[in-house]
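Take a look at the structure below.
The values are calculated or read from the model by the stated rules, or taken from the named source; none is laboratory data. A quick note: this is a predicted structure, and the numbers were derived from the prediction, not measured. Note that each Cβ is placed from the backbone with ideal geometry, even for glycine, and that neighbours are counted across all protein chains shown.
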Amino acid sequence: MKTRTKYEDEKWFRVSYTAVNDMYGEVAKVIYLATDITNERIMELEGRRYTDQLKIHEDKLKLASVELKKKLEQTKTDLGAQYRLITRERNRFEKTLADHADIVLTIDQRSRIIFINRAAEKFWNIKAGNILGKDIKTLFPGEPDRYDSFLVSLFSPRTVKITGEKKIVKIPGGDGTMHTAQILLSMSEVADEVSYTAFISIL
């Protein structure tokens, strides 16, 4: 039972009524017993409020989880579309370079060969399938000091490379013969991946 004191304080009581009969078996009086359970009731109400708040937070978390999942799926879709576009453009670019008359050689930021065209295969007497993924020094045997500093810069991932300028250097062919060549180096960066492409003309 809920009631208020004269000071407007809210009180809760657990009430019980007990009938007392007289000698004739009739109700002579009713004993009213009230136990103050205000503190218990307050704790119960607080517990309910806490449970309700937890449910609200749980619902918000579920909604946020659904929204996050949607955003992640959308991001995944967007990245997939971007990757397919980049792959198509790279394949188109490599197909164009494959039949280029000059030697074309591409290395990644760790100086590993990731592309050579047919002219490069012929010049070095190699097959792309056997050289891709290997260090560029595979194509330039011997000590680095026998080569121009421009070429040596390609051997080390940490060395700053000169791009956009034509350089005249000596390079070895597949039979070891040194050839005079003109090299133009360009840099490309896609999705934080850096690569360097050398366009080489044998003079």
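Return the residues of the range 69-104 that are at pLDDT below 80, within 30 Å of Gly173 (Cβ to Cβ) and charged (D, E, K, R); say none if nothing qualifies. Answer for the range 69-104, where residues must be at pLDDT below 80, within 30 Å of Gly173 (Cβ to Cβ) and charged (D, E, K, R): Arg90, Arg92, Glu94, Lys95, Asp99. Note on the range 134-190: residues that are basic (Lys, Arg) and part of a loop (DSSP other than H, G, I, E, B) total 3.
The set of residues in the range 7-26 being loosely packed, with under 10 Cβ neighbours inside 10 Å and over 30 Å from Leu45 (Cα atoms) consists of Val20, Asp22, Met23, Tyr24, Gly25, Glu26.
Restricting the range 107-126 to residues that are under 26 Å from the mean Cα position of the chain (by Cα) and polar (S, T, N, Q) leaves a set whose member that is modelled with the lowest pLDDT is Gln109. Of all residues in the range 131-147, those that are closer than 16 Å to Asn117 by Cα have Cβ atoms under 6 Å from Cβ atoms of residues that are among the β-branched types (Val, Ile, Thr), 6 or more apart or on another chain, in Ile131/Ile113; Leu132/Ile113; Lys134/Ile113; Ile136/Ile107; Ile136/Ile113.
Each row is one residue, and each column tells you yes or no for (1) more than 30 Å from Leu79 (Cβ to Cβ); (2) surrounded by fewer than 13 Cβ atoms within 10 Å (Cβ to Cβ); (3) of a type outside the set (Val, Ile, Thr).
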| position | (1), (2), (3) |
| --- | --- |
| Asp108 | no, no, yes |
| Ile113 | no, no, no |
| Ala128 | no, no, yes |
| Val169 | yes, no, no |
| Gly173 | yes, no, yes |
| Thr177 | yes, yes, no |
| Tyr196 | no, no, yes |
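Residue-level check: of (1) among the hydrophobic types (A, V, I, L, M, F, W, C); (2) part of a helix (DSSP H, G or I); (3) more than 16 Å from Ser201 (Cβ to Cβ); (4) touching a strand residue (DSSP E or B) at 6+ places or on another chain (Cβ under 6 Å), Leu85 misses just (4).
If you go through the range 157-192 and keep only what is of a type in the set (Ser, Thr, Tyr) and touching a strand residue (DSSP E or B) at 6+ places or on another chain (Cβ under 7 Å), you end up with Thr163, Thr180, Ser186, Ser188. Each residue in the range 136-152 was checked for being surrounded by 12 or more Cβ atoms within 10 Å (Cβ to Cβ) and in contact with a strand residue (DSSP E or B) (Cβ under 9 Å, 6 or more places away or on another chain), and 9 of them qualify.
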